[in-house]
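Novice: Sharing a structure below in structure tokens format, with a few things to ask.
The values are calculated or read from the model by the stated rules, or taken from the named source; none is laboratory data. Keep in mind that what you see is a predicted model, and the values were worked out from it rather than measured. In this analysis, Cβ positions are derived from the backbone assuming ideal geometry, glycine residues included, and neighbour counts consider all displayed protein chains. Please note that ligands, DNA and RNA were not included when accessible areas were found on the heavy atoms of the full protein model with its side chains. Shrake-Rupley method; radii C 1.70, N 1.55, O 1.52, S 1.80 Å.
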Amino acid sequence: KAGVTQTPRYLIKTRGQQVTLSCSPISGHRSVSWYQQTPGQGLQFLFEYFSETQRNKGNFPGRFSGRQFSNSRSEMNVSTLELGDSALYLCASSLDPGYVGTEAFFGQGTRLTVV
Amino acid sequence: QQQVKQSPQSLIVQKGGISIINCAYENTAFDYFPWYQQFPGKGPALLIAIRPDVSEKKEGRFTISFNKSAKQFSLHIMDSQPGDSATYFCAASTSGTYKYIFGTGTRLKVLA
């Protein structure tokens, strides 16, 4: 069974640009959540999607947005990039939040560097 | 109230020793507590998880101890090996969501 696939793995962008990151969950998984990981702030929740609906959103500015498609694949977008957006962006795939005891499986992440 | 406090920040253990990492939470609505292991350049990998209806869960060399009244839980790694050298994160969430609140991480180094 293939794992969570995140593309691209590495990205360098300039301040002010926008970026789109992609996540393909494990086959059969319908829930996708996104996290930002930085040395200073650790792992912080961005948003969670299930069946194309955003279920939860973290405490990030509106420049951060996401969506989920009918095949459960998800994208997140960051507009007007700032230097502080440089981070490892992680996607986690889960079966269904309605099932007790199901786990979240992380991809390898997209390393975004803003210069 | 949403925080999960993790300690120590770093830990050095001799091969064969026991590694112990502690986490504490405040939100009593949390009912799922996973531990993740992360190697450099990789995403976090689920190690073991526990729910508050049990006080201990063991999987191989990894054991979670859970103290509901103290709102604390800990990871014990028995017979620690150099291959266990990684960063470990505790997390907490409530049922029906995958919004995890992560601890700040513990960098474990196991000396050969």
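Novice: Select from region B:45-63 the residues that are within 11 Å of chain A (Cβ to nearest Cβ) and touching a residue at least 24 places away in the same chain (Cβ under 8 Å) and write down the one among them that is least open to solvent (accessible area, probe 1.4 Å).
Specialist: Pass one, region B:45-63, residues within 11 Å of chain A (Cβ to nearest Cβ): B:45-51, B:53.
Among the residues that remain, those that are also touching a residue at least 24 places away in the same chain (Cβ under 8 Å) are: B:47-48.
Details: B:Leu47: 33, B:Ile48: 3 Å².
Taking the candidates together, the pick is B:Ile48.
Novice: Moving on. What's the number of the only condition in (1) open to solvent by less than 30 Å² (accessible area, probe 1.4 Å); (2) hydroxyl-bearing (Ser, Thr, Tyr); (3) without any contact (Cβ under 8 Å) to a residue 24 or more places away in the chain; (4) not in a strand (DSSP E or B) that B:Ser69 fails to meet?
Specialist: Of the numbered conditions (1) open to solvent by less than 30 Å² (accessible area, probe 1.4 Å); (2) hydroxyl-bearing (Ser, Thr, Tyr); (3) without any contact (Cβ under 8 Å) to a residue 24 or more places away in the chain; (4) not in a strand (DSSP E or B), the odd one out for B:Ser69 is (1).
Novice: Restricting attention to region B:19-44, which residues are open to solvent by 60 Å² or more (accessible area, probe 1.4 Å), modelled with pLDDT under 95 and within 14 Å of chain A (Cβ to nearest Cβ)?
Specialist: Correct list: B:Pro40, B:Lys42.
Novice: State which residue is most open to solvent (accessible area, probe 1.4 Å) when the search covers only region B:88-112 and only residues that are under 13 Å from the mean Cα position of the chain (by Cα) and more than 10 Å from chain A (Cβ to nearest Cβ).
Specialist: B:Arg107
Novice: Then there's this: Could you pull out every one of the strands (runs of 3 or more DSSP E) wholly within region A:28-115 that has 1 or more residues that are within 19 Å of B:Tyr32 (Cβ to Cβ), within 13 Å of the chain's Cα centre (by Cα) and at the interface with another protein chain (Cβ under 10 Å from one of its Cβ atoms)?
Specialist: Numbers: elements: A:31-38, A:42-50, A:53-57, A:64-68, A:74-78, A:87-94, A:104-106, A:110-114.
Fully inside region A:28-115 and qualifying: A:31-38, A:42-50, A:53-57, A:87-94, A:104-106.
Novice: Continuing with this model, one more query. Can you name the residue in region B:72-87 that is part of a loop (DSSP other than H, G, I, E, B) and either modelled with pLDDT under 95 or within 16 Å of B:Phe39 (Cβ to Cβ) (or both) and, of all such residues, is most open to solvent (accessible area, probe 1.4 Å)? Step through it out loud before you land on a result.
Specialist: Pass one, region B:72-87, residues part of a loop (DSSP other than H, G, I, E, B): B:78-81, B:85.
Now narrow it down to the ones that are either modelled with pLDDT under 95 or within 16 Å of B:Phe39 (Cβ to Cβ) (or both): B:80-81, B:85.
Values: B:Ser80: 0, B:Gln81: 52, B:Ser85: 37 Å².
So the residue we want is B:Gln81.
Novice: Another question about this same structure. Please list, ordered by residue number, the strands (runs of 3 or more DSSP E) wholly in region B:8-58 having 1 or more residues that are among the aliphatic types (A, V, I, L, M). Spell out how you get there, then give the answer.
Specialist: Values: elements: B:10-14, B:19-25, B:33-38, B:45-50.
Filter on region B:8-58 gives B:10-14, B:19-25, B:45-50.
Novice: Six or more apart or on different chains, Cβ under 6 Å: which pairs go from a residue in region A:72-83 that's hydroxyl-bearing (Ser, Thr, Tyr) to one that's assigned to a strand (DSSP E or B)? Could you list them?
Specialist: A:Ser74/A:Cys23; A:Ser74/A:Val32; A:Ser74/A:Tyr49; A:Ser74/A:Gln68
Novice: I'd like the residue in region A:4-27 that is basic (Lys, Arg) and part of a loop (DSSP other than H, G, I, E, B) and, out of all such residues, is farthest from A:Asp85 (Cα to Cα).
Specialist: Initially, region A:4-27 is screened for residues basic (Lys, Arg), giving A:9, A:13, A:15.
When the remaining residues are screened for being part of a loop (DSSP other than H, G, I, E, B), the result is A:9, A:15.
Details: A:Arg9: 16, A:Arg15: 9 Å.
Here the answer is A:Arg9.
Novice: Anything in region A:56-88 that is open to solvent by 20 Å² or more (accessible area, probe 1.4 Å) and aromatic (Phe, Trp, Tyr)? List them, or say none.
Specialist: Result: A:Phe60, A:Phe69.
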